[in-house]
Amino acid sequence: MEPFEMIDPRSFVEKLETKQLGDALIIDVRESWEWEYYHLDEAKLIPMNTIPARMGELPEEQTLYIVCAHGVRSANVCYYLRQQGYENVVNVEGGMAAVAMLRGFQYD
């Protein structure tokens with residue numbers, strides 16, 4: 001099995017802001033309190049520990065951009081999804097901290 005794809009935060013923000021993500025979904029795997037602090041309106045919150053129970057909300061045919069605070073939890077979720085047969089998963093490097101900084105918000 002090939003490893004999952006990675007995208008640097010600058011490229012991710014550029015694709016997001018220029019509407020180049022197409023029908024891809026952004027899945028935020030942080031906890032709800034982290035989501036409340038800062039999140040992307042385009043993202044869907046599915047905390048990491050709920051992923052196995054909520055697999056039905058993750059369509060295999062769409063690209064899934066997985067994001068967390070700094071890129072560690074999202075990498076773990078990407079590994080898990082690849083093991084479950086998902087081919088189009090992308091880890092957002094640096095997570096929401098990097099994305100927020102690029103958008104002018106001091107995350108942490």
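Each value in this text was obtained by applying a stated rule to the coordinates, not by laboratory testing. It should be emphasised that the depicted structure is a prediction, and the values quoted were computed from it without experimental measurement. All Cβ positions, even for glycine, are placed from backbone atoms using ideal geometry, and neighbour counts span all protein chains on display.
Relative to the present Cα-Cα distance, how much length would full extension add between Asp23 and Met55 at 0.36 nm per residue of separation?
Extra length from Asp23 to Met55 when fully extended: 9.7 nm.
If you add up the charges near Ile7, with Lys and Arg at +1 and Asp and Glu at -1, over every other residue whose beta carbon is less than 11 angstrom from its beta carbon, what do you get?
-2
Would you please state the base-10 log of I(q)/I(0) at q = 0.15 1/Å for the chain, with intensities from the Debye formula using one equal scatterer on every alpha carbon?
Normalising to I(0) and taking log10 leaves -0.55.
Cut-off 10 angstrom, C-alpha nodes, Gaussian network model of the chain. Which of Ala43, Ala53, Ala75 fluctuates the most?
Most flexible of the set in this elastic network: Ala53.
Quick one: length gained pulling Gln106 to Arg10 fully straight, 0.36 nm per residue minus the C-alpha distance? Could you put the intermediate results ahead of the total?
Details: separation 96, 0.36 × 96 = 34.56 nm, distance 1.57 nm.
Full extension from Gln106 to Arg10 adds 33.0 nm.
Using a basic spin-label model with each label point 7 Å from the Cα along Cα→Cβ, how many nm lie between Asp41 and Gln84?
Rounded to a tenth, the inter-label distance reads 2.9 nm.
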